[in-house]
Amino acid sequence: MSLNIFITGASSGIGESLAYYYSQKGFTIGLVARRKDRLQSVSNKCKELGGNPIHYNIDVSDRNKCKNIIEKFLSITKSVDIVIANAGVGGEDNILSGDPSEINKILKINLLGATNSVIPFIPIMKEQRSGRIAIISSIASFRGIPKHGAYSSSKAALSNLTDSWGYTLKPYGISLTTVFPGYINTEMTKDHEFKMPFLMHPDKASKIIADAIQRKKRKLIFPWQWRFIIPILRILPRFFIYRFSPK
């Protein structure tokens, strides 16, 4: 059976790997990203792998553009099976500068980008009485990370949103999977100067995520070691966070 899948942030990292994973199964995949050349390259490889890619070069923080390309995608596919809100950016808050621009950019893309790219699909999923939605959060959502408050808070907000949405969507056969990845070897992490525990290749991550979506798992924390570390991290005294955070 062929599926129609929509993935944001598809030009690199987890989004790119998920696009390749689903292409090997011959599925139709809507690919969304800001970087035009990189997106075209991913789309070409999806074709080589046997997929049917349809790519859209937009910024997901633009609500109107998101709505328009989703309408175009649905005009071709007539239905949707899986929506994966993966687009996101990181970066330091830089609050000592007195300029909120960096924080605002992170919050806008990570949070509004997810709502813009998921909610327009809900009416057709409701009509179908089926559909699977995956939101890519982060292990950083479980604690305010020094210098990265915008990133960690945006990911925490996504977790709370999907937790709430689940109650509304369940009666219509729509499943929600919130994904909390640890460190994945992507462009977002390549400049980290500290040792990243349990670093995982995005190809392996994509298979784990796809399996969780298929099983309609409500929450996915991986690699598995983080399931034991996170409860400790959440109660760790602030002194330890400050002492061992990268300076």
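Taking the range 73-164 as the region of interest, the helices (runs of 4 or more DSSP H) fully inside it that hold 2 or more residues being in contact with a strand residue (DSSP E or B) (Cβ under 9 Å, 6 or more places away or on another chain) are 113-118, 122-128. Taking the range 201-222, which residues are basic (Lys, Arg) and free of Cβ contacts under 8 Å to residues at least 24 places away in the same chain? Within the range 201-222, LYS204, ARG215 meet the criteria. Looking across GLY131, GLY98, one residue alone is open to solvent by 20 Å² or more (accessible area, probe 1.4 Å), at pLDDT 95 or above and small (Gly, Ala, Ser). It is GLY98. Considering the conditions (1) at pLDDT 95 or above; (2) open to solvent by 70 Å² or more (accessible area, probe 1.4 Å), TYR242 is excluded by exactly one of them, (1). Would you pick out the residues in the range 48-68 that are in a helix (DSSP H, G or I) and within 19 Å of ILE135 (Cβ to Cβ)? Across the range 48-68, the qualifying residues are ARG63, CYS66, LYS67. Right, ALA114: crowded, with 17+ Cβ neighbours inside 10 Å, at pLDDT 95 or above, within 25 Å of GLN214 (Cβ to Cβ) and out of contact with any Gly (no Cβ under 6 Å at 6 or more places or on another chain) or not? Criteria met by ALA114.
LYS108 passes every criterion in (1) open to solvent by 60 Å² or more (accessible area, probe 1.4 Å); (2) on the phi > 0 side of the Ramachandran plot apart from (2). When each of VAL60, VAL89 is tested for being modelled with pLDDT under 95 and of a type in the set (A, V, I, L, M), the lone residue that passes is VAL89. Taking the criterion of being within 20 Å of PHE222 (Cβ to Cβ), of a type in the set (A, V, I, L, M, F, W, C) and at pLDDT 95 or above, the residues of the range 172-191 that qualify are LEU176, VAL179, PHE180. Would you mind stating whether ARG227 is modelled with pLDDT under 95, among the basic types (Lys, Arg), in contact with a Phe, Trp or Tyr (Cβ under 7 Å, 6 or more places away or on another chain) and open to solvent by 10 Å² or more (accessible area, probe 1.4 Å)? Here the answer is no, as ARG227 does not meet what is asked. Of the residues examined, ILE229 is one that is over 29 Å from LEU169 (Cβ atoms) and assigned to a helix (DSSP H, G or I). Going through (1) polar (S, T, N, Q); (2) more than 17 Å from ASN110 (Cβ to Cβ); (3) at pLDDT 95 or above; (4) not in a helix (DSSP H, G or I) one by one, SER2 falls short only on (3).
The values are calculated or read from the model by the stated rules, or taken from the named source; none is laboratory data. These numbers come from a predicted model, not from an experiment. Here the Cβ is made from the backbone with ideal geometry for all residues, glycine too, and neighbour counts use every protein chain on show. The area values use the complete protein model at the heavy-atom level, side chains included, leaving out ligands, DNA and RNA. Shrake-Rupley method; radii C 1.70, N 1.55, O 1.52, S 1.80 Å.
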